[in-house]
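Okay, structure first, notes after.
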Amino acid sequence: MGTGISGYRGLSFDAVDTLKKCDLVYIERFTSALSDSDLHGLNSILAREVRPVQRWFVEDGREILEAAKTKQVALVTYGDPLIATTHSELRSRAARNSIKTVVLHAASGLTSIMGETGLHVYKFGRMVTMMSEPQSAVSVYNTILENLLAGSHTLILTEYSHDESKEPFFLDPASLFKMLLDVEHDQKHQIFSDNTFAVVASRVGMADQRITSGKVGSLAKIDFGIGPHSVIVTGSLHFTEAEAIAALTVNIDGPADNSQTVKRISVQMVERYAPKAKQAVQQMRDVVRQDAGSKGMFEVLDNAEYYIADAERFLHQSKFELAVLSIGYAEGLVDALRFQKGINPWEIRG
């Protein structure tokens, strides 16, 4: 069963009544933060001790399933219980072992974040989680690119971990922004910068909930406090979404559509290489013009120009794969002559 987004106070009357009838009650603390006060509050309303468990315990699942063969067992989770794949997988294993399960749904943190910002739920693309490992930032960056190309918003969940022997860890928005800026510096696809518009949702559903929007350069300077935090990179904005962001969030910089300037990688490649290929063809023409037996070479260069023209036409027709192939063929022909003549037209400057 899910607690919803407001801690143990989000449990329905039905959920509380069910928990009181259970022989064992486990509560997981890995999908999102569950404070000690929430744990004490749950113990109080149930007049019993519930058992907090870590990710490995639920993923292993054997103790839960073994107990459920003869007893009434409950697993309490944050938000809606079947959003996390770990919970869905445990339920599937229970079914395969002929153990009956009942799901008590509750408010999902994901849809709550979307709704609180005023953004349209159907405008969101694939969501992703940012971990503290650098490789995670590359995956998040690529997801933002894919979503922006479709005009969609990107919901980025941030890493949370809880070890009984340590303070809970929440990846803060400033670190997330820096990681994405570092990837942009390497990838150079021009999808993330200090001017990128984003929304930071902190502690949604809690008493100290805070939702702030603005440019990354502005947001990176803010201390958002303890998590959990989520970040939304906006795609195309309907005017009602822009109005909602301005009205419902702490808006530092005016709402902006980040999808306006994003380009497919194939488009960036053709736009970058077509002018260079044209220049290389002309440079090669100047070289082979001095060769009396160069008629065949001019025919090859003519074909290279045809391929460049094809690439630009395919790009205009949104046939991106064909555009990249065509520019590749053109460069291949130029390179063939380069090897034959021993001259590199890509390095010649007029």
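Residue-by-condition table, conditions (1) under 15 Å from S230 (Cβ atoms); (2) without any contact (Cβ under 8 Å) to a residue 40 or more places away in the chain:
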site	(1), (2)
T85	no, yes
A94	no, yes
K100	no, yes
A106	no, no
I113	yes, no
Y122	no, yes
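Consider S92 carefully, then state whether it is surrounded by fewer than 17 Cβ atoms within 10 Å (Cβ to Cβ) and farther than 25 Å from L155 by Cβ.
Working: surrounded by fewer than 17 Cβ atoms within 10 Å (Cβ to Cβ): yes; farther than 25 Å from L155 by Cβ: yes.
So S92 passes the test.
Within segment 153-204, how many residues are β-branched (V, I, T), under 22 Å from R55 (Cβ atoms) and in a loop (DSSP other than H, G, I, E, B)?
1
Return yes when T158 is at pLDDT 95 or above and polar (S, T, N, Q) and no when it is not.
no
Taking I144, is it buried (at least 16 other Cβ atoms within 10 Å of the Cβ) and closer than 25 Å to L34 by Cα?
no
In this structure, does M131 turn out to be over 26 Å from N251 (Cα atoms) and within 15 Å of the chain's Cα centre (by Cα)?
The answer is yes for M131.
Take the residues in segment 124-138 that are over 16 Å from Y160 (Cβ atoms) and touching a residue at least 12 places away in the same chain (Cβ under 8 Å), then tell me which one is surrounded by the most Cβ atoms within 10 Å (Cβ to Cβ).
A137
Does A94 satisfy being over 26 Å from F169 (Cβ atoms), in contact with a Ser or Thr (Cβ under 8 Å, 6 or more places away or on another chain) and either part of a helix (DSSP H, G or I) or outside the structural domain of S161 (by TED's automatic domain parsing) (or both)?
The answer is yes for A94.
Scan segment 68-83 and give yes if some residue there is assigned by TED's automatic domain parsing to the domain that holds L24, in a helix (DSSP H, G or I) and either surrounded by 15 or more Cβ atoms within 10 Å (Cβ to Cβ) or at pLDDT 90 or above (or both), otherwise no.
Yes, segment 68-83 contains at least one residue that is assigned by TED's automatic domain parsing to the domain that holds L24, in a helix (DSSP H, G or I) and either surrounded by 15 or more Cβ atoms within 10 Å (Cβ to Cβ) or at pLDDT 90 or above (or both).
State which residue pairs qualify: first residue part of a helix (DSSP H, G or I) and inside segment 298-309, second residue hydroxyl-bearing (S, T, Y) in any location, beta carbons under 6 Å apart, and separation of 6 or more residues or different chains.
Y307/S326; Y307/Y329
The values are calculated or read from the model by the stated rules, or taken from the named source; none is laboratory data. Bear in mind the structure is a predicted one, so any value in this text is a computation, not a measurement. Positions of Cβ are generated from backbone atoms using ideal geometry, with glycine treated the same way; all protein chains shown enter the neighbour counts.
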